[in-house]
Amino acid sequence: MPRALVFDFDGLILDTETPLIDGFADVHTAHDLPFDRHRFLRCVGHADYSFDPWKRFGSEVARQDLEAELQFYKRIRVLAQPVLPGVIDLMDAADARGWPIALASNSGHTHCEEHLQRLGLLSRFRFVACREDVASPKPEPDLYRLVVNQLGLRPHEAVALEDSQAGSLAAKRAGLWCVVAPNASTAHHAFDHADWRVESLAEVTPEVLEKRFARSGSGGPPAAGG
């Protein structure tokens, strides 16, 4: 049976990813420039994807000013976001079963902990691992390896909860069982490697999770069927 849950943050607990893309769109619109949403969506969940988001602006606009505009629009949108469906219920269920929960995020501690504190969720986490804690971010397995070591578990005893391809690849490469709940910004990602794909964490109950986990051999290939 599972012994711990490891949550991603952006796009899984709080949708900060759609506001990021919308923030880029807001800046482009404010400057009367076209916006290629598909191109920007490619960066979501991929720390190693590099491109110039301000290419259309040329050299006449200072990049630091554009970044400041982006952060202004993004913050307004993020602060309006609720905790995503099923997150708190799943945390409550894990607590009832004595499963510790941890965080493994490609974002930094300041970003994750500020929002978790604001949402009243930070104290629920036994351990928080962020990008600056490891040499390589997701899709490399470093964050998940750090978390399971801190929890005193073997990788196959923990369940990762992710929304992106990079995150779910990191979890599987580290040996965890992985549930993916894509959001509007990551639904186009490929998740063939994941153990269970759901529309949201509202579908994930301990009873169903335990059955699927046991049926797949905890870390083996994805279980078929419902």
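Read-outs throughout are calculated quantities, based only on the coordinates presented, and are distinct from any laboratory measurement. As the structure is a prediction and not an experimental result, all values here were calculated from the model. Reconstructed Cβ throughout: ideal geometry from the backbone, glycine too, with neighbour counts over all protein chains shown.
General observations
- Placed amide H near CYS178: partners under 5 Å, 5+ positions off or other chain: ALA160, ASP195, TRP196
- Across segment 110-120, coupling constants 3J(HN,Hα) worked out from phi with the 6.51/-1.76/1.60 Karplus curve, θ = phi - 60°, read 4, 4, 5, 6, 4, 6, 4, 5, 4, 8, x Hz, and Gly and Pro carry x.
- Electrostatic tally near ARG124: other residues with Cβ closer than 13 Å to its Cβ, Lys and Arg +1, Asp and Glu -1, net -3.
- Each of ALA68 and HIS31 was given a label point 7 Å from its Cα along the Cα-to-Cβ line. The distance between the two points is 1.4 nm.
- Label point at ASP192 placed 7 Å out along Cα→Cβ; residues across segment 165-185 whose backbone nitrogen lies under 12 Å: none
- For ALA129, the residues 5 or more places off, or on other chains, whose built amide H falls under 5 Å of its own are LEU103, ALA104, SER105.
- From least to most packed, judged by other beta carbons within 10 angstrom and beginning with the fewest, SER136, SER105, SER168 follow the order SER136, SER105, SER168.
- Projecting the Cα atoms of SER123, LEU79, LEU5 onto the charge dipole of the chain, computed from C-beta unit charges around the Cα centre, puts LEU5 farthest toward the positive end.
- Each residue of segment 154-171 is assigned a 3J(HN,Hα), and the resulting list reads 8, x, 6, 8, 10, 10, 8, 10, 9, 10, 10, 5, 4, x, 5, 5, 4, 4 Hz, derived from the Karplus form 6.51 cos²θ - 1.76 cosθ + 1.60 (θ = phi - 60°), x at Gly and Pro.
- Segment 17-79, dipole about Cα centre (Lys/Arg Cβ +1, Asp/Glu Cβ -1), debye to the nearest 20: 160
- Residues of the chain were split at every exposed loop site, defined as GluC sites (Glu not before Pro) in a DSSP loop with at most 16 other C-beta atoms within 10 angstrom, and the longest piece left, sites excluded, is 61-198.
- Cα gyration tensor, segment 63-145 - rounded (a/c under 1.5), prolate or oblate: oblate
- In order along segment 133-149, the Karplus-derived 3J(HN,Hα) couplings, from 6.51 cos²θ - 1.76 cosθ + 1.60 at θ = phi - 60°, round to 8, 9, 6, 10, x, 4, x, 6, x, 4, 4, 5, 5, 4, 4, 5, 5 Hz, and Gly and Pro are given as x.
- Evaluated with a Cβ-only charge set (Lys, Arg +1; Asp, Glu -1), the chain carries a dipole of roughly 580 debye about its Cα centre, given to the nearest 20.
- Gyration tensor verdict on segment 77-196 (Cα atoms; rounded if a/c is under 1.5, prolate if a/b is larger than b/c, oblate otherwise): rounded
- Summed over qualifying helices (DSSP H, 4 residues or more, each -39500 (n - 2.57)) and divided by its residue number, the chain shows a 222 nm mean residue ellipticity of -11500 deg cm²/dmol.
- Label point distance in nm, VAL61-LEU119, each placed 7 Å from Cα along Cα→Cβ: 3.0
- P(r) histogram, all alpha-carbon pairs of segment 17-79 included - 10 Å bins from 0, percent: 21, 57, 21, 0
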